[in-house]
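Inspection log for the structure reproduced underneath, given as structure tokens.
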Amino acid sequence: MSLFPRLRWSRSRETEALQERVSNLQAALQQCRDVAGRWTSFRRDASIGIGTLLLVFGFMLGVYRDSITETGSSVVRAIGLTRAPSFEAADTHYRDGEYAKALDLVRPLAEAGDAKAQALFGVMNQRGRGVAQDYEAALQWFRRAADQGDVASMFYLGLMYAEGQGVPKDDAESMKWFRLAAERGDPQSPYNLALSYAKGETGEPDNVSAYMWFSLAAARFPASDALRGTAIARRDQLMAKMTPTEVAEAQRRSREWQPK
């Protein structure tokens, strides 16, 4: 019996076995590729996801260029867990008559240099709200806030000099502070300036200047504010004492006046 058929059969079995092993290896290799592809995709997607989250948090917190380790406290403050005391909270307590709570919040803010807090703390000292009335302390806090450009403090300084609160009454100094506040947009200071000019508190009455400031006050007060009508009435009363030339000059000054 020839051995060739058996040899051919034996070789055929070996070939089939080899092909099966190759197929198994190819299947395993493909499986590895699939796994690797899925992991690469996952890493890419995960990276995109993490980057997106960082971008979102960055825009929300305004610190996108900072390290993620630096934003933890900002996140807490942003969602209100450890919110720092604010002037708005102190002002709300003050308006609600909760002076002790307002004082607890406003004093450290004022001492830290917050101009609005300094102005409110000055008012509390001037009026004796939450603290014993202390004009000297009020003046100090108003001056510190005014030095930072706080308009309300300029108005209160004018008022305290006009009434001699904690300082000798000084109409010239009062008008200086009222003018500074008026030039920065305060609505009540023009009215007080107009009264000072009308009364001649620093010399002879100046109806032209008084008319001008009454007009500016009327323009700044809301229509619903009673002081707007009062400013207009006062201005019209002055008009009866003025010549047409003086009225025209006062009106020209009112039109051309610009705040600083």
>> What's the number of the only condition in (1) modelled with pLDDT under 95; (2) in a helix (DSSP H, G or I); (3) buried (at least 16 other Cβ atoms within 10 Å of the Cβ) that ARG255 fails to meet?
In response: (3)
>> For segment 183-219, give me each residue that is touching a residue at least 60 places away in the same chain (Cβ under 8 Å) and part of a helix (DSSP H, G or I).
In response: GLU183
>> buried (at least 24 other Cβ atoms within 10 Å of the Cβ) and either touching a Phe, Trp or Tyr at 6+ places or on another chain (Cβ under 8 Å) or closer than 25 Å to LYS260 by Cα (or both): which single residue out of ALA198, ALA194 fits that description?
In response: ALA194
>> Can you find a residue that is among the small types (Gly, Ala, Ser), buried (at least 23 other Cβ atoms within 10 Å of the Cβ) and more than 35 Å from the chain's Cα centre (by Cα) anywhere in segment 215-231?
In response: no
>> Out of the residues in segment 130-146 meeting the condition of being under 27 Å from the mean Cα position of the chain (by Cα) and not aliphatic (A, V, I, L, M), tell me which one is surrounded by the fewest Cβ atoms within 10 Å (Cβ to Cβ).
In response: ARG143
>> Can you tell me which condition GLU183 does not meet? The list is (1) under 21 Å from GLU88 (Cα atoms); (2) among the acidic types (Asp, Glu); (3) at pLDDT below 95, and all the others hold.
In response: (1)
> For the subset of segment 236-250 comprising residues that are closer than 20 Å to PRO187 by Cβ and in contact (Cβ under 8 Å) with a residue 40 or more places away in the chain, which member is surrounded by the most Cβ atoms within 10 Å (Cβ to Cβ)?
Replying inline: ALA250
>> With within 30 Å of GLU204 (Cα to Cα), outside the structural domain of PHE214 (by TED's automatic domain parsing), assigned to a loop (DSSP other than H, G, I, E, B) and without any contact (Cβ under 8 Å) to a residue 60 or more places away in the chain as the only criterion, which of LYS176, LYS169 stands out?
In response: LYS169
> Regarding PRO168, is this residue modelled with pLDDT of 95 or more and surrounded by fewer than 16 Cβ atoms within 10 Å (Cβ to Cβ)?
Replying inline: yes
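The values are calculated or read from the model by the stated rules, or taken from the named source; none is laboratory data. Since we're looking at a predicted model, the values are computed, not measured. Positions of Cβ are backbone-derived with ideal geometry, glycine not excepted, and every protein chain shown enters the neighbour counts.
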